[in-house]
Each structure stands twice: as C-alpha cells, then as structure tokens.
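In what follows, a single structure is set out as structure tokens and then discussed.
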C-alpha cells in the first residue's frame with residue numbers, strides 16, 4: 001500500500017513539473033522543417049532560467065523539441081542520440097518516422113512512471129515531416145505545423161492564421177518567431193527570447209540571433 005501511495009505522489013509531482021509550461025513548435029516548409037522554442041524555464045512561480053535549451057539535434061536530419069520536466073527530457077535526448085547512433089552503425093540512417101516510433105515505444109513502455117514531457121520531432125526524409133508525442137507515447141504525424149506547451153494555444157492561433165503551404169525557409173523562420181513571440185506575450189511560463197533551427201537537405205542549422213532579432 002505504501003509503495004502505491006509513494007508511486008502516486010511521484011506521478012503527481014511529475015505532473016506538476018509538466019505544468020510549468022513552455023512554447024515549442026514545428027512547421028514544414030518547401031525546403032524542410034523549422035523548429036522553435038522560447039528560452040524560459042520555470043519552477044512554479046520562479047523563473048529558473050532565461051537561457052533554457054529546448055531544441056536539440058539528434059542527427060544531421062532529425063531534431064527534437066521538449067516541453068515539461070527538464071530532467072526527464074534530458075534523459076530522453078541522451079537516450080535517443082545513443083540509440084540513433086547505434087542504429088546507424090549497422091543500418092542506413094534512421095528515418096524521422098523511425099526515430100519517432102522509437103521514442104513512442106520508449107514512452108509507452110514507461111507509462112506507469114511516465115516521462116512527463118511533450119515532444120516534437122522534425123526532420124527531412126527527404127521532404128519535411130513532423131511528429132508530436134505525449135507522455136504515454138501517443139504519436140501523431142503532421143505535414144503542416146504543430147505546437148506544444150502552455151503557450152501552444154496562442155502559437156496555434158498565429159500558425160492557423162498565417163501558415164501557407166509552400167512557405168520558403170525564410171518565411172517559415174519568420175512565422176515561427178512570430179508565433180513564439182505571441183505566445184510569450186500571453187503565457188507567463190514562456191519568454192526570454194526564441195531559439196530557431198532549420199533542417200533541410202543541407203542538414204541541421206541553428207538560426208543566428210541577429211536574424212531572430214530582426215523578426216522580434
């Protein structure tokens with residue numbers, strides 16, 4: 001009985017960590033995908049960091065955004081990088097869908113004590129594609145855009161209004177920045193700047209801060 005109670009308390013604690021909030025998003029362009037996130041990390045009402053990293057490179061053509069518990073997310077990033085590298089040693093490069101399915105299986109296998117995160121995986125194979133995942137491993141594919149975190153409702157409003165099929169990479173970057181900025185204006189758990197990366201046939205690229213400042 002005590003073990004059951006302790007397990008419930010731990011799960012409740014992780015749920016509270018998940019609610020700390022953020023804004024991450026991904027959108028597909030004619031050149032590949034754009035992923036973006038704000039830079040704020042919170043612990044309840046405390047702004048714990050103004051330079052939190054929420055977009056991670058997993059491979060040359062695959063990247064991941066994180067929302068929720070930082071410790072859980074960092075473990076997933078380490079695990080995914082290791083598993084993708086191991087797979088690629090013995091096989092052709094793992095596809096974006098393959099990496100997303102791998103993460104889905106990991107999350108589902110731990111659903112009794114879940115990783116309290118939402119993830120967006122984006123990349124090229126060779127066209128741009130996005131997948132989002134919930135803590136239980138639910139997997140959904142997107143060919144336009146998706147968003148996660150407490151600021152996602154506002155971000156979705158901007159994306160729904162301004163997204164058009166066939167956006168150029170530059171237009172995608174501008175839209176991503178505008179969507180995260182709008183979310184930061186309304187969601188207290190989001191803010192302190194924007195990180196943006198692109199994945200195209202040329203690989204993974206982090207957008208420089210001066211370009212982002214122009215759109216901000």
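Sort 190-203, 23-36, 89-102 for me by packing, meaning the mean count of neighbouring Cβ atoms within 10 Å per residue, highest on top. Please list the in-between numbers first.
Numbers: 190-203: 20.4, 23-36: 26.8, 89-102: 16.0.
Descending mean neighbour count gives 23-36, 190-203, 89-102.
Separation between the residue 95 and residue 75 pseudo-spin-labels, each 7 Å from Cα along Cα→Cβ, expressed in nm?
About 3.0 nm separates the two model spin labels.
Given contacts defined as C-alpha pairs under 8 Å and at least six residues apart, what's the relative contact order of the chain, whole-number percent?
This gives 30 percent for the chain.
Let me know the shape class of the stretch 139-216, please: from the alpha-carbon gyration tensor, a ≥ b ≥ c as square roots of the eigenvalues, rounded when a/c is under 1.5, otherwise prolate if a/b is greater than b/c, or oblate.
Oblate is the answer for the stretch 139-216, as a/c is 1.5 or above yet b/c matches or exceeds a/b.
Distance between the C-alpha centers of the stretch 91-116 and the stretch 35-53? Whole Å please.
First find each Cα centre; the distance between them is then 25 Å.
Computed from these coordinates, which is Cα extents along the principal axes in Å: [x] 71, 50, 30; [y] 57, 46, 26; [z] 78, 39, 36?
Here the calculated entry is [y].
Can you sort 178, 162, 40, 143 so the residue with the fewest Cβ neighbours within 10 Å comes first?
Ranking 178, 162, 40, 143 by Cβ neighbours within 10 Å, fewest first, gives 143, 162, 178, 40.
Quick check for you: which residues of the stretch 67-90 have the amide N under 18 Å from the point 7 Å beyond the Cα of residue 140 toward its beta carbon?
Under 18 Å, as judged by backbone N against the label point of residue 140, lie 67-68 of the stretch 67-90.
Any read-out appearing in this document is the output of simple, stated calculations on the displayed coordinates, not a laboratory observation. Given the structure is predicted, the values throughout are model-derived calculations rather than measurements. Neighbour counts are summed over all protein chains in view; Cβ atoms, including those assigned to glycine, are modelled from backbone coordinates with ideal geometry.
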